[in-house]
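S.K.: Before anything else, here's the structure in question.
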Amino acid sequence: ETAGAEKEKSCDVLYREGVEAYLDERWQDCIGNLEQAVSAYRLLKQATVNCRLRCQAEADESPFMGPKEIDDLQFFEKMVRKTLCLLKCNKYNPKGGLNGLPKNVQKEFEDLKPYEYLQLCYFQKNMLQKAASAVFTFLVTNPDNEVMRENLKFYSNLPEVDMYQVVNLEARNFVSLYIHGSEAYQHKDYKSVINYIEESLEDYLRGEEECRAYCEGPFDQGWFPDFIPSIANHFTYCLKCKQRCADKINSLNGEKHNDLLESHYHFLQYAYYKVGNLRKACEAVASYLMFYPADETMLNNKEYYLKLPKVEKDFFTPRKEAIRYAQRQEYETRLLDFINTEFVFQDGSKNITSSNETENKSSVTRMKDSIIRAAVSKLKLFPPPVTKFEWPKYGISSESNRQEYSTEHKQNIITENTKHSSSVRPEDDRRAQEEVRRQKKRAVEQMQRTAARNIRAVMGETELQGKHRFVAEGFASDSECSKLMELAQVAAVQGDGYKGNKSPHTDFEKFEGVTLGRAALLVYLGLIEVDMLDLYLNLSEMGRDYLERYFNLKTELYFTYTHLVCRTALNDSPGNRTDMSHAVHADNCNLLENGDCPKIPPAYTWRDFSAILYLNEDFEGGEFVFATDLAAKNIQSLVKPRCGRLVGFSAGSENLHGVRSVQRGRRCALGLWFTLNPFHEEIEHILAKQVLLQVQQGGSITDQLLHELKKHVFVASSISNPKQTSTITREQLKLHDKYVKESLSLHQESGEMLASSDSSSSTLHLMYAIFLLCSSVMDGPFRYKPVPANRVLIP
Ligand SMILES: O=C(O)CCC(=O)C(=O)O
Ligand SMILES: [Fe+3]
């Protein structure tokens, strides 16, 4: 390897570093890495696709060893030759082409995920025009993405953004060629029309060929051991993918044109006629008619041309590429129709391969699954290839043959069990079992938590006058409420969880909060009782369980932020206050005065549900309100805080809410915010659980915590699969080292407060490292209120 090649970072490393930079808010690095990653991916994909196309051409041309029509031997000979070619070709591809790229990363690129990040990083660097183009690029492939649609709307309102200059950064050349061609047409410059449109046609067809070649990838829809079924299955999978290419490519800057290909011939027939090339004009007419044989305009044109003295009947020969395209299209459609009627396809819903797989799929996959399915059914726009779930599963499998023998039916319905056992790889099986175990464990814990409680909903959408909101009671007993209040009393720091801001909402109240990370750290240091942390965690878990059930969620709800917070009226605050303790807002978008609520930073856009569990009622004011406007003129409903009462709602603009001023006394509540996106799972929550586990069981925490830390550094770098605890890479370790180093220096600064503990303990360093990872601790000053320790838990 040369030095140059060594320095060059691979596509997935660039991507990971881009995402890391994004997470660390290093916007310039984010942009640099992700832009490079995107072009690196393009190169990899091009290399792979080029090989496939080249080898196809080569195999098409090579002479056969034997005569035609013997046991399909020529077909197989061709496949063998093509394989040989592919092996050689891919060997010279940089980094093995797409094969060298992890599948999940490939999927992210195909979904244009990098543009989601890029958008934000451009935004942060005030590169608004680029940000808008990144959003637009993402939307061309994911037109149903609400957040990005909102974002585009947001950008379109900015004076700095010129919507005419917003482009699809992933568009093929034919888009601009075609647009130039139609402009030339308007200017009656027919020579240019011919040049542009011929070139556009070539690039369009090439694009579709490349898309089709990309479909000839690996098959991971189960294992069909028999020779013929295995070929047939893989072939069908490819064919379905290929059939989607036409639909994927026929858009001009986001606008769909189902006759985009055909319209090329329309332009051409006219332009060739205008420059006097009648033969070519007629060829274009005939080509167009291959696709639309009954098109009246074109038939009239044909008649018109036929009457011209120089035109002969045989001029109307369709062009070669049009014949090939149309015939292939027709054959493929017929074949697919046949397959669709003669075989049963197993789609994600309720069956075999998937019954096992869907249930055990990670919840990320499940979530994406449903989003994609919804998008597909609505738009008929198909997501890109490569992933497990986008196409219906099907089984023309060996099991199906068995079925055929045993029943008279032609259709093959594969039953749950047969498929199950043969198609799941041991690795998947292990993960699946783990997931089942995890879910069972959660269900048991859930029952234990709620066993002695009488949790009941007391207000719903009608009473509260709005969608997706409720009030329930019975989450906590009086003694539990007091205990958490006490925790807030001893452990809260002003501004903790509010980036150090003491009075983020009103000058007349003091805000004090305890994040979970802080509570865990205090327990770890022996400064507060373990039970307090246990309770904090338990109550939050109950809130989550209840929301999942109340809203009937199909996928897991993740904590994204948890905060025990008290608001205390200051002694000198005036008695006639009209301000709010917490102005009306939505939890995941920025409510503007005109009522719009753009879902962009600094809002916590990933929050999907919120719940507030109240801990006391001995104060004046402080009512929670649902309102319809920023000024709280129009109140829909009001919830009076009380120990054990919980208000839950979806976190969007449909649930604007606020808190009325606390006139006297102290109002404490446990705020819970949830996300459906595991990428935004709250690290502090997981760590707090780990700390609790260790302290309760008295075992050594080091390995477990190390494991968690690794996992979360891993999360930061591989967002698509946060549950994966794969081996950690060098980059991740470097990051880890960095945190440990930072923690060490902090450790020295706060030596005073740690005097009672073993300051050289690597566990402690690790703890610091971990807490550095926790944003809220990083934000505020790293200092603790010394609270007398009744038990020292650190050896
Ligand atoms: O404390 C409450 O009742 C609501 C607080 C709230 O809405 C928030 O912090 O987002
Ligand atoms: Fe809120």
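Laboratory data are not the source of any read-out in this text; all were calculated from the coordinates shown. Bear in mind the structure is a predicted one, so any value in this text is a computation, not a measurement. Ideal geometry is used to build each Cβ from the backbone, glycine not excepted, and the neighbour counts take in all protein chains shown.
S.K.: FRET efficiency for L693 and I70, Cβ-Cβ distance as r, R0 = 56 Å, nearest 0.05?
M.R.: Calculated transfer efficiency: 0.25.
S.K.: Compute the length gained on full extension between T83 and D572: take 0.36 nm times their separation in residues and subtract their Cα-Cα distance, giving the result in nm to one decimal. Numbers along the way, then the final one.
M.R.: Values: separation 489, 0.36 × 489 = 176.04 nm, distance 8.26 nm.
Answer, rounded to one decimal: 167.8 nm.
S.K.: Also: Let me know the shape class of the stretch 591-698, please: from the alpha-carbon gyration tensor, a ≥ b ≥ c as square roots of the eigenvalues, rounded when a/c is under 1.5, otherwise prolate if a/b is greater than b/c, or oblate.
M.R.: oblate
S.K.: Using 0.36 nm per residue, how much length does the chain from L553 to V458 gain when fully extended, once their Cα-Cα distance is taken away?
M.R.: On the way: separation 95, 0.36 × 95 = 34.20 nm, distance 1.99 nm.
Difference between extended and current length: 32.2 nm.
S.K.: Roughly what % of Cα-Cα distances in the stretch 173-340 sit above 18 Å, to the whole percent?
M.R.: Tail of P(r) above 18 Å: 65 percent of Cα pairs.
S.K.: List, in order, the whole-Hz ³J(HN,Hα) value for each residue of the stretch 274-280 obtained from phi through the Karplus relation with A = 6.51, B = -1.76, C = 1.60 and θ = phi - 60°; use x for Gly and Pro.
M.R.: Whole-Hz 3J(HN,Hα) from phi for the stretch 274-280: 5, 8, x, 9, 5, 4, 5.
S.K.: Now for a different question. With a 10 Å radius around each residue's Cβ, average the other Cβ atoms per peptide and rank 670-676, 329-335, highest first. If you can, show how the numbers build up before the last one.
M.R.: Working: 670-676: 23.7, 329-335: 12.0.
Ranking, from highest mean packing down: 670-676, 329-335.
S.K.: Once you place label points 7 Å from the Cα toward the Cβ at N300 and L592, how far apart are they in nm?
M.R.: Taking the simple label geometry, N300 and L592 are separated by 4.8 nm.
S.K.: Next up: Can you bin the stretch 143-238 into rounded, prolate or oblate? Criterion: square roots of the alpha carbon gyration tensor eigenvalues sorted a ≥ b ≥ c, rounded for a/c under 1.5, prolate for a/b above b/c, oblate for the rest.
M.R.: Note, shape of the stretch 143-238 comes out oblate.
S.K.: Here's another thing I want to ask about it. Step through the table entries K9/K107; K130/K191; K191/K307; K82/K242; K188/K248; K107/K256, compare each Cα-Cα distance with 27 Å, and write down the pairs that go over it.
M.R.: Too far apart for the 27 Å limit: K130/K191; K188/K248.
S.K.: Whole Å is fine, so just give me how far the alpha carbon centre of the stretch 620-658 lies from that of the stretch 228-242.
M.R.: Answer, in whole Å: 55.
S.K.: Please compute the Cα-Cα pair-distance distribution of the stretch 522-620 with 5 Å bins starting at 0, giving whole percents from short to long.
M.R.: Reading the bins upward from 0: 2, 8, 14, 16, 16, 18, 15, 8, 3, 1.
S.K.: So which GluC sites (Glu not before Pro) in the stretch 61-119 are both in a DSSP loop and have at most 15 other Cβ atoms within 10 Å of their Cβ?
M.R.: Counting only loop positions with at most 15 other Cβ atoms within 10 Å, the GluC sites (Glu not before Pro) in the stretch 61-119 are E69.
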